[in-house]
Amino acid sequence: MKIKKLLIANRGEISLRIIKSVKEMGIQTVAVFSEADRNSPHVLAADEAICIGPAPASESYLRMDKIIQAAKDLQADAIHPGYGFLSENAEFAEKVVAAGITFVGPSSDSIALMGSKLEAKKAVSAYDIPLVPGTDEPIQRVELAKHIAAEIGYPILIKASAGGGGKGMRIVQDEQEFDAQMERATSEAQSAFGDPAVFIEKYIESPKHIEIQLLGDQHGNMVYLFERECSIQRRHQKVIEEAPSPVLTPEIRKKMGEAAILVGKSCGYYGAGTVEFLVDKNLDFYFLEMNTRLQVEHPVTECITGLDLVKEQIKIAEGARLSISQENLQIHGHAIEARIYAEDPENQFLPDTGTLITYTPPKGPGIRVDDGFEEGMPIPIHYDPMIAKLTVHAETRELAIEKMKQALVDFKISGIKTTIPFCHYVMTHPQFTSGAFTTKFVENYFEPSKLQPVLSSEEMLVMAAFAVYWKEEQGYTSSHQLSQPFENASKSSWKTRKIR
Ligand code: MV4
């Protein structure tokens with residue numbers, strides 16, 4: 001059945017991005033907002049908007065009752081949950097459907113099954129899907145678990161069944177540490193998720209994180225939209241994503257895609273979903289978990305496939321059959337996304353708060369910016385500190401990296417510290433350009449002292465002029481130094497020169 005009016009149960013860039021696509025489909029839009037978001041672009045962009053409570057998410061964007069009531073009040077016939085908030089809450093999906101409203105997403109059962117890592121492992125174990133060696137039952141007897149750990153070989157990882165995204169994980173280097181780490185993992189799982197169940201896996205030391213985008217309809221048809229390489233992250237928060245992966249061969253890509261489809265089939269999946277894999281240095285891959293939502297980094301997949309994933313989600317929710325087949329899908333060029341956070345990369349990525357004094361996103365062919373803020377707006381402290389997603393698309397990976405570097409230079413933000421210099425650093429790092437990086441990249445290769453101010457050529461010229469003037473004042477010039485005026489252009493020297 002065609003959706004006439006969609007309520008977007010989210011905020012910020014993703015709410016705005018969904019509104020834009022569904023408007024093109026002739027669907028009316030309803031935004032919800034907290035008191036902190038009253039003047040946000042997503043509120044202005046929607047045909048209608050309704051306040052659902054105070055700033056804290058627990059009193060607004062996480063309130064199932066208020067959101068469903070808002071949909072009823074404004075006669076929305078469907079709800080899109082976006083990502084985060086209620087997007088992977090099986091109870092919410094169930095309540096939406098029970099209220100006679102279409103949930104733009106998978107079934108409540110699929111969400112619940114994949115939400116439990118142990119249930120997910122059990123479900124996929126019936127298929128030919130590579131799993132990390134480990135247990136698929138919660139650990140009941142520590143002695144037995146130690147025995148299994150010894151068989152697998154240390155180091156091992158203790159994971160919370162209700163976890164995901166890195167929460168509730170403990171590395172165990174050797175048998176001596178086992179009891180203490182087991183104790184910690186269990187109590188952490190209990191306090192964080194209300195479920196003490198943990199299991200163990202072989203610890204893959206320095207893997208790549210590669211995920212496969214799936215699209216399935218409600219008639220059993222499913223395709224994979226290739227992979228996203230998401231290894232550049234810190235504290236389990238992704239910063240750079242790209243598609244395709246610079247290391248996969250067509251053969252492994254096909255194997256991973258087909259394994260991902262089996263994961264989807266194991267839970268009767270429909271909608272857009274993502275299957276995460278760890279990939280080791282031999283390019284052996286292991287199923288990790290499935291995310292039953294539209295992901296933050298979906299734009300890179302849209303770039304290389306030419307599809308609009310939100311439109312596909314809507315059509316699937318309406319009950320349509322997939323209009324695409326695997327044979328007709330092709331990778332076009334290379335896409336990279338940089339997440340711009342209001343965080344200080346020089347200070348352990350601590351969230352920075354304040355107002356966007358200057359906010360000028362880059363523009364041009366092959367440049368896409370997904371954002372939900374405007375110049376002059378404060379960044380609310382209540383939510384995720386992501387300001388924007390900058391995605392570039394070019395013919396090759398090398399050209400995409402060059403485009404990204406320039407786009408980062410052209411992205412002008414002041415009033416708040418951002419991860420722009422960090423993203424630029426990554427683009428120039430040999431480990432990144434080689435494609436050989438892993439999830440250990442930030443830990444192993446990021447040196448905050450090496451961050452450069454990201455400046456345009458005009459700004460560089462101004463700086464060079466200052467540098468020449470400064471050196472002349474000191475009574476020395478050398479042609480060598482003049483020809484390379486930026487070699488000492490560290491942030492601190494730029495600041496001191498500017499003050500002079
Ligand atoms: C692992 C692993 C190594 N070995 N499992 C982190 C997030 C959660 N989804 C699972 N995670 C990991 N599971 C085994 N058996 C390493 C990680 C991991 C990781 C995975 C993906 C992306 C970034 C990561 C950073 C640290 C650890």
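The values are calculated or read from the model by the stated rules, or taken from the named source; none is laboratory data. Keep in mind it's a predicted model, so treat the numbers as computed, not measured. Glycine also receives a Cβ, built like all others from the backbone with ideal geometry; neighbour counts cover every protein chain displayed. All accessible areas refer to the heavy atoms of the entire protein, side chains included, with ligands and DNA or RNA removed. Shrake-Rupley method; radii C 1.70, N 1.55, O 1.52, S 1.80 Å.
Brief remarks follow.
- Check on ALA123, touching a helix residue (DSSP H, G or I) at 6+ places or on another chain (Cβ under 9 Å), farther than 17 Å from LEU7 by Cα, in contact (Cβ under 8 Å) with a residue 24 or more places away in the chain and not aromatic (Phe, Trp, Tyr): yes
- Cβ-Cβ under 8 Å pairs, at least 6 apart or on other chains, segment 48-77 side surrounded by fewer than 16 Cβ atoms within 10 Å (Cβ to Cβ), far side in a loop (DSSP other than H, G, I, E, B) and among the small types (Gly, Ala, Ser): PRO54/SER60; LYS72/ALA99
Yes/no matrix, rows are residues, columns are (1) on the phi > 0 side of the Ramachandran plot; (2) open to solvent by 20 Å² or more (accessible area, probe 1.4 Å); (3) charged (D, E, K, R):
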site: HIS236; (1), (2), (3): yes, yes, no
site: TYR269; (1), (2), (3): no, no, no
site: THR274; (1), (2), (3): no, no, no
site: ASN291; (1), (2), (3): no, no, no
site: GLU297; (1), (2), (3): no, no, yes
site: GLU312; (1), (2), (3): no, no, yes
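- Filtered residue count, segment 268-326, keeping only those that are within 16 Å of the ligand (Cβ to nearest atom), over 13 Å from MET222 (Cα atoms) and among the hydroxyl-bearing types (Ser, Thr, Tyr): 2
- Residue check, LEU144 near the ligand (Cβ under 10 Å from one of its atoms), open to solvent by 20 Å² or more (accessible area, probe 1.4 Å) and either modelled with pLDDT of 95 or more or over 28 Å from the mean Cα position of the chain (by Cα) (or both): no
- Taking segment 163-180 as the range and being buried (at least 20 other Cβ atoms within 10 Å of the Cβ) and more than 10 Å from the ligand (Cβ to nearest atom) as the test, the residues that pass are ARG170, VAL172, PHE178.
- Exactly one residue out of GLU211, GLU188 is more than 13 Å from VAL142 (Cβ to Cβ) and open to solvent by less than 20 Å² (accessible area, probe 1.4 Å): that is GLU211.
- Here no strands (runs of 3 or more DSSP E) wholly within segment 304-417 include at least 3 residues being within 30 Å of MET460 (Cβ to Cβ) and modelled with pLDDT under 95.
- Residue in segment 389-406 that is open to solvent by less than 30 Å² (accessible area, probe 1.4 Å) and under 25 Å from PHE33 (Cβ atoms) present: yes
- When GLU211 is tested against (1) of a type in the set (Asp, Glu); (2) within 15 Å of the ligand (Cβ to nearest atom); (3) touching a residue at least 40 places away in the same chain (Cβ under 8 Å); (4) not in a strand (DSSP E or B), only condition (4) is not met.
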